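Structure record follows, encoded as structure tokens.
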Amino acid sequence: MDLLDTLSRPLRALRISVTDRCNFRCPYCMPREVFPADHTFLDRKEILSFEEIERLARIFAGSGVRKVRLTGGEPLLRKDLPDLVQRLVRIPGLEDLALTTNGSLLQELARPLRAAGLQRLTVSLDTLDEARFKQLCDAEVPLSRVLEGLDAARSVGFSPIKLNCVLQRGVNDDEILTLAAFARDGGHILRFIEFMDVGTKNGWKLDAVVPAREVLARISERWDGEPIQESRNGRVAERWRYSDGGGEFGVIASVTQPFCGGCDRARLSAEGSLYTCLFAATGLDLKTPLRNGATDADISALIGNAWKRREDRYSELRTTQTGSLPKVEMYHIGG
Ligand code: SAM
Ligand code: SF4
Ligand code: SF4
């Protein structure tokens, strides 16, 4: 019997944040004023070990989860990450294991991650302009490092790779066509994501959002395309296929056309709390029971009860009721 929340949504997907640390300071996620170089991140003992993550992932799989995505912070900063991948791909019932990264460490890690069994990769890429990249990641990492990482990942068999591009008005919305052409040429699937009001620290404003409709209009002036028809359930991206065989791209209209109705996703923070929405204010601590000797059945019951009570549909309510509600920060639960 499927575990269903109050809106009859099953639990199918889990994002696991493996670290709260990041080597970038993207202003929309971890602005440097709030996360300076001496910022105190979680202590090693506070974050879940690989054994603990594996055990929880097995329990989640028993509760209906079929897809897992590793994220962060920057997941590739977590030491020995391929070992975790190796543990997770063995879990019965998990059909899909993916990872989202800023790409800066892919050159070294693409091969071991692939060898460990990682199936799919998403690389965040908001610009192809070197100077702008510096501003957008606010770190001493050149764009070329990410692009070389992308090539390394493709050459070890990650294909197609998804590219995530968060568009912001007046920041990178002049690059829609350049990024689309880059993705077409490289055989990647580009997804344009609407800038979201995640967390409380990124100074989000509605007028900085570039609506997905506008992206579609801009792309269709240049290339013909048709929508890929599929069930919306659990899908966040609206997918389009280029008519000339140039592959596909997608738009994720989280702000202008929310998709909470089909949201089957839970999130596990690096310190082991379960969040049932990207915009949730509080999580359910699973680490304490895990470390205090709870059985798998006990933990499964905690997850089940939390999911059955779930009412989240933040994005659908955003325009009317939310205002300044407290929310978890994105680097904490991984987007
Ligand atoms: N560090 C990795 C990375 O950047 O790919 C993984 C974690 S990051 C939080 C996951 C995704 O969230 C990235 O693609 C990032 O661009 C996106 N993201 C972060 N802040 C966002 C915001 N305010 N609105 C929309 N997407 C955002
Ligand atoms: Fe780091 Fe990713 Fe957040 Fe950028 S979006 S600060 S790379 S976690
Ligand atoms: Fe899911 Fe919450 Fe996003 Fe709605 S706002 S799609 S419920 S994570």
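The values are calculated or read from the model by the stated rules, or taken from the named source; none is laboratory data. Since the structure is predicted, the reported quantities are computational estimates derived from the model, not experimental observations. Please note: Cβ atoms are built from the backbone with ideal geometry, for glycine as well, and neighbour counts cover all protein chains shown. Please note that ligands, DNA and RNA were not included when accessible areas were found on the heavy atoms of the full protein model with its side chains. Shrake-Rupley method; radii C 1.70, N 1.55, O 1.52, S 1.80 Å.
Computed values, structure above
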read-out	value
Test: residue in segment 201-210 that is at negative phi and assigned to a strand (DSSP E or B)	yes
Single residue of segment 210-232 satisfying the filter (within 16 Å of Asp126 (Cα to Cα) and crowded, with 20+ Cβ neighbours inside 10 Å) that is nearest to ligand 3 (Cβ to nearest atom)	Ala212
The listed residue being in contact with a Leu (Cβ under 6 Å, 6 or more places away or on another chain) and either over 24 Å from Asn202 (Cβ atoms) or buried (at least 19 other Cβ atoms within 10 Å of the Cβ) (or both), out of Thr101, Thr122, Thr71	Thr101
Subset of segment 300-335 [more than 11 Å from ligand 3 (Cβ to nearest atom), modelled with pLDDT under 95 and among the charged types (D, E, K, R)]	Glu329
Segment 92-114 residues that are touching a residue at least 60 places away in the same chain (Cβ under 8 Å), paired with ones that are within 16 Å of ligand 3 (Cβ to nearest atom) (beta carbon under 8 Å, 6 or more apart)	Thr100/Arg69; Thr100/Thr71; Thr100/Asn164; Thr100/Gly334; Thr100/Gly335
Single match in Gly261, Gly250 (criterion: in a strand (DSSP E or B) and in contact with a Lys or Arg (Cβ under 8 Å, 6 or more places away or on another chain))	Gly250
Selected residue (only one of Arg21, Arg55, Arg90 is over 27 Å from Phe195 (Cβ atoms) and touching a Gly at 6+ places or on another chain (Cβ under 9 Å))	Arg90
Count of residues meeting criterion [under 20 Å from Arg132 (Cα atoms) and either surrounded by 21 or more Cβ atoms within 10 Å (Cβ to Cβ) or among the β-branched types (Val, Ile, Thr) (or both)] in segment 165-194	15
Filtered residues of segment 271-280 (kept if over 14 Å from Ser315 (Cα atoms) and within 12 Å of ligand 3 (Cβ to nearest atom))	Tyr275
Qualifying residues in segment 195-209 (those that are of a type in the set (Gly, Ala, Ser) and buried (at least 18 other Cβ atoms within 10 Å of the Cβ)) - the one farthest from Trp223 (Cα to Cα)	Gly199
Pair list, Cβ < 8 Å and 6+ apart or interchain, from segment 143-164 residues that are open to solvent by less than 20 Å² (accessible area, probe 1.4 Å) to residues that are assigned to a loop (DSSP other than H, G, I, E, B) and of a type in the set (Asp, Glu)	Leu143/Asp129
Extreme residue, nearest to ligand 3 (Cβ to nearest atom), among residues of segment 234-262 that are open to solvent by less than 40 Å² (accessible area, probe 1.4 Å) and within 21 Å of Leu3 (Cβ to Cβ)	Cys260
Residue within segment 278-291 that is of a type in the set (A, V, I, L, M) and within 16 Å of ligand 1 (Cβ to nearest atom) present	yes
Top-ranked residue in segment 40-60 [being of a type outside the set (Val, Ile, Thr) and crowded, with 19+ Cβ neighbours inside 10 Å; ranked as farthest from ligand 3 (Cβ to nearest atom)]	Arg58
Considering residues of segment 1-39 that are in a loop (DSSP other than H, G, I, E, B), open to solvent by 60 Å² or more (accessible area, probe 1.4 Å) and hydrophobic (A, V, I, L, M, F, W, C) only, the residue nearest to ligand 3 (Cβ to nearest atom)	Leu7
